[in-house]
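Asker: Sharing a structure below in structure tokens format, with a few things to ask.
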Amino acid sequence: MAALPANQPIIALDLGTKTIGVAISDLTRNIASPLLTIARRKFTQDAAELLAILNREKAGLILLGLPLNMDGSEGPRAQSTRAFARNLAKLTPLPIIYWDERLSTAAIERAMIAADASRAKRADHIDKLAAAWILQAALDSLR
């Protein structure tokens, strides 16, 4: 990630079965911020929306959360994520890298409960916050 051209943020994705959480880094790649949550439809519609975001934000890299099992193995969700990445890679020249996202959603859920966020508020924000958590972990590993 350090070899990216300057002034291009990283976009992180947290793929769920019903939504895609999207987060973005600042240009210095120090801070991750939640951007939005996309309601999943068909791949072509999801990809079109993601490509528009990548273009609008002038992204330099896609960081895709990889949902590994607790033992580090890959199950059906990880395989689905890899298939999504393969299909998305056909539509964009941007590099796509994976980041272990184990426990990201659980960590965000616990934090939101501790902050007394309502169930509805948690449902509305959890995916983009999980994407930001994944991205911040990756950014922190660069330092």
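Please treat every number below as a calculation from the coordinates, not as lab data. Just so it is clear, the model here is predicted, and its values are computed rather than measured. Positions of Cβ are backbone-derived with ideal geometry, glycine not excepted, and every protein chain shown enters the neighbour counts.
Asker: Could you count how many residues in region 25-54 are outside any strand (DSSP E or B) and not aromatic (F, W, Y)?
Answerer: Qualifying residue count, region 25-54: 20.
Asker: If you take the residues of region 55-84 that are in a loop (DSSP other than H, G, I, E, B) and aliphatic (A, V, I, L, M), which of them is surrounded by the most Cβ atoms within 10 Å (Cβ to Cβ)? Explain how you work it out, then say what you get.
Answerer: Here is the first cut: in region 55-84, the residues in a loop (DSSP other than H, G, I, E, B) are 58-60, 67-75.
Still in the list and also aliphatic (A, V, I, L, M): 59, 68, 70.
Details: A59: 22, L68: 17, M70: 7.
Among them, the one singled out is A59.
Asker: I'm trying to understand the selection: among the residues of region 25-44, which are aliphatic (A, V, I, L, M) and surrounded by 22 or more Cβ atoms within 10 Å (Cβ to Cβ)? Steps first, please.
Answerer: Step one: list which residues in region 25-44 are aliphatic (A, V, I, L, M), which gives 27, 31-32, 35-36, 38-39.
Residue satisfying the conditions is A32 alone.
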